[in-house]
Structures are given as structure tokens and as C-alpha cells.
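Have a look at the structure below, then the notes.
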Amino acid sequence: MELLDTRARAVRDLRISVTDRCNFRCVYCMPKEVYGRDYAFLPRRQLLTFEEIERIARAFVRNGVRKLRITGGEPLVRRDLERLVAQLRALGDVDLTLTTNGSLLPQKAQALADAGLDRVTVSLDSLDDDVFRSMNDVGFPVERVLDGIDAAAAAGLPVKVNCVVKRGVNEDGLVEMARFFRGAGHVLRFIEYMDVGHTNGWRLDDVVPADEIVARIGADLPLEPVPPAYSGEVATRWRYRDGSGEIGVISSVTKPFCGSCTRARLSAEGRLYTCLFASRGQDLRRLLRSGAGDGELDEAIRQVWRRRTDRYSELRSRATPDLQKVEMSYIGG
Ligand code: SAM
């Protein structure tokens, strides 16, 4: 019987965080004041092993998941990640993808493609080097992320580019981004700045609404809407009227899509979350390490999903950012 939550939503996607560490300190995600030298990241023994991740992913696939996304933290800082990709590839006909800041793709792209990764999403918030360096806050240059994107494309991986838009920070570069990636043939997706976690000091005023993003780009590069490719698609799609490609906008703040959310998230230490904005997760690692069989694992997952009521983005208000939600770097973006 199909596994459905309290709002009749199936589980279709599993986002797997493989580490809570990152080599960037993006101001809206892992601000330096919080994630400084003294920050206590998870010790290695607390991370799920690749074998444990594979077991949990396999259970999710048995229960309806069709898409696996590896994320973090920065997933490519976890050693031998291509080994996990190969293990997940062996689960069969699932869409297997990875979200990365791109910094390590020049070294890693070919191995990931060879291991069976289907495609990659690279985060890049600006083409303006000064703006990008100040957003990643470790002085990482745009050029090297572009090298990573090129390496992925050269390895045969389709690339999408994610750009988080923050008012007054990178909004002036949106049209330049659109023009550039249209030319390069990669789909660019703009993401409304969200109130994930509680360390980024989010304010509603910092959000550039998706409608405004589309209007700004459309004024220079005329756009028309594209119907969704499948139900539950996160990004709203727009194509250039001249047929030269498309963009997506992810409007979790101004037009929440909780009603069609089919995503589960596994933290690097094995906690299962049913919403990006959750404050509590179910400990699957303890279950695995206590010797549970596949039947027990399935049952634990099914119970969590059946009880799922989450619709945070629909309930968001000026008061909700103060809730003690888990951080995106921990739960996996
Ligand atoms: N390190 C990888 C990366 O940079 O893509 C994967 C993890 S990162 C948390 C995943 C995505 O979440 C990135 O595209 C990032 O820009 C986005 N993100 C992080 N904090 C966000 C926020 N507050 N609002 C919107 N998107 C955010």
C-alpha cells in the first residue's frame, strides 16, 4: 500500500546530508560568527557510514522514493564520496543527484560521473567576484566555481545552477546571471532567501519575491511560463521566448508548495526529518546500530511518514523565524 502522510503526500525524494562541514561560510547559511574555529562539528564516529546511508536509502526506495539527492554541508568534503554514489547507483532506477558549491568539482566530477551520478546542482550566487567572495565569506573566486561547472559538463553531467537572492546583496546581478547561463546552456534557478535555522538573522525584508525576480529578468530577456514537468516540482519554470533555454524560481517564502512536498531529509548523523524547517528528527542511526532488521527500519520510516503533518512555509509569519529550527548545513539543503 502506498505510504502517505496525514495530508495524502507520498514520499518521493530523499535528501541525504553526508557531512555538516563546509569549506564556505555563506553569510545566509553558515555565518562565521556562529561557525567559527571553535564550532563543534559532528565527530566522525557519529556520521552515518556509507553502508548505513545505503541501507536507509534502500529502505526509502522500497517505500516509494524515486529521487536521491546527496547534500550537506559541502558533500564533496567527505572523502571518497564517489564510493557512496556507486552504492546508491546500485539501488536501481532512481534519479541520483548532488548539490555542491562546486569548489571541488574540478578534481571530482569525472569520478562522480563514472560512479553513476545522473546530474549535479551547483550553487553560485553572483558572477560579480567581489559580491560572491563576500557572500561565501572565505574569499572563494567565481572563476573556480565556473571551472567546477565546466568540469561537470565535460564529464557529461547535466548542470543546474542555484542562486539564492538576498535583497541589497546580489539582486543587481540577476540579469547578468541569466544571460550568462543561458549562453552556457545550463538551467539557472533562483531561490528566495529562506528562514532556515536560526543563525542567519533572516528578515522578510531581505527576501526578493519570485515574481519580482521573474519580472526583472523578463524585462530584459522575455519569458513565458512552462508547465511543471511532474507534480511536486519545486521550481516554477519559465522559458525564454526566443527558445534559448529556461530558468526556474523557487518561491518557498512567497508561494509555499507544502501541499505537494514529497521530500524527506536524512541528517549526516542519521536523523530523519520531514521538513526543512523542522526542529526534531527521528534517530535512525540508533536503530541501525542496535541491530534492527530491514522490517524494523521500514516500520520506523513508515510511522514517521504516516504521522507527518508539516507545512511550515504555509504557516510562516514574522514570528516563526525565532523557532529553534535545525540549521540547513546540518539537515542538508
Ligand atoms: N554546500 C552545498 C551547496 O553549496 O550547494 C550543499 C548544501 S547548501 C545548504 C544547499 C543549498 O541551500 C545551496 O544552494 C544554498 O545556497 C542553499 N541555501 C542555504 N541557506 C539558504 C537560505 N537561507 N535560503 C535559501 N537557500 C539557502
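The values are calculated or read from the model by the stated rules, or taken from the named source; none is laboratory data. Predicted model, so just to flag it, every value in this text is computed and none were measured. Here the Cβ is made from the backbone with ideal geometry for all residues, glycine too, and neighbour counts use every protein chain on show. Side chains are part of the model used for accessible areas, which takes the heavy atoms of the whole protein and leaves out ligands, DNA and RNA. Shrake-Rupley method; radii C 1.70, N 1.55, O 1.52, S 1.80 Å.
Brief remarks follow.
- Legend: residue pairs Lys67/Lys160; Lys108/Lys255; Lys160/Lys255; Lys32/Lys255; Lys67/Lys166; Lys166/Lys255, Cα-Cα distance threshold 24 Å; pairs beyond threshold, Lys108/Lys255; Lys32/Lys255; Lys67/Lys166.
- Cys residues of the chain that find no other Cys beta carbon under 4.7 Å: Cys22, Cys163, Cys258, Cys261, Cys275.
- Cα pair distances of the chain binned at 20 Å [whole percent]: 32, 62, 7
- Each residue of the stretch 267-281 is assigned a 3J(HN,Hα), and the resulting list reads 6, 4, 9, x, 8, 9, 10, 10, 7, 4, 9, 6, 10, 9, x Hz, derived from the Karplus form 6.51 cos²θ - 1.76 cosθ + 1.60 (θ = phi - 60°), x at Gly and Pro.
- Annotation note: trypsin sites (Lys or Arg not before Pro) in the stretch 258-333 located in DSSP loop regions with a Cβ neighbour count of at most 15 within 10 Å are Arg280, Arg318.
- A DSSP coil position with no more than 12 other Cβ atoms inside 10 Å describes the following chymotrypsin sites (Phe, Trp or Tyr not before Pro) in the stretch 216-282: Tyr230.
- Relative contact order for the stretch 189-333: 29 percent, from Cα pairs under 8 Å spaced at least 6 residues apart, divided by residue count.
- Cleavage-rule hits, trypsin sites (Lys or Arg not before Pro), the stretch 206-241, DSSP coil, Cβ neighbours within 10 Å at most 14: Arg241
- The helix-only estimate of mean residue ellipticity at 222 nm for the chain, built from DSSP H runs of length n ≥ 4 each weighted as -39500 (n - 2.57), is -9000 deg cm²/dmol after division by the residue total.
- Length-normalised contact order for the chain - Cα pairs under 8 Å, 6+ apart - percent: 23
- Here the accessible area is traced with a 1.4 Å probe on the protein chains. For the chain, carbon and sulfur cover 49 percent of it.
- Using the Cβ of Leu42 as centre and a radius below 13 Å, the other residues enclosed give a net charge of +3, where K and R count +1 and D and E count -1.
- Per residue, the accessible area of the stretch 86-168 comes to 36 Å² when a 1.4 Å probe rolls over the protein heavy atoms.
- The residues of the stretch 175-333 expose on average 45 square angstrom of accessible surface per residue, using a 1.4 Å probe on protein heavy atoms.
- Electrostatic tally near Val120: other residues with Cβ closer than 11 Å to its Cβ, Lys and Arg +1, Asp and Glu -1, net +3.
- Shape call, the stretch 13-160: gyration tensor on alpha carbons, a/c limit 1.5: oblate
- Considering only alpha-carbon pairs that sit under 8 angstrom and 6 or more positions apart, the relative contact order computed for the stretch 156-236 is 32 percent.
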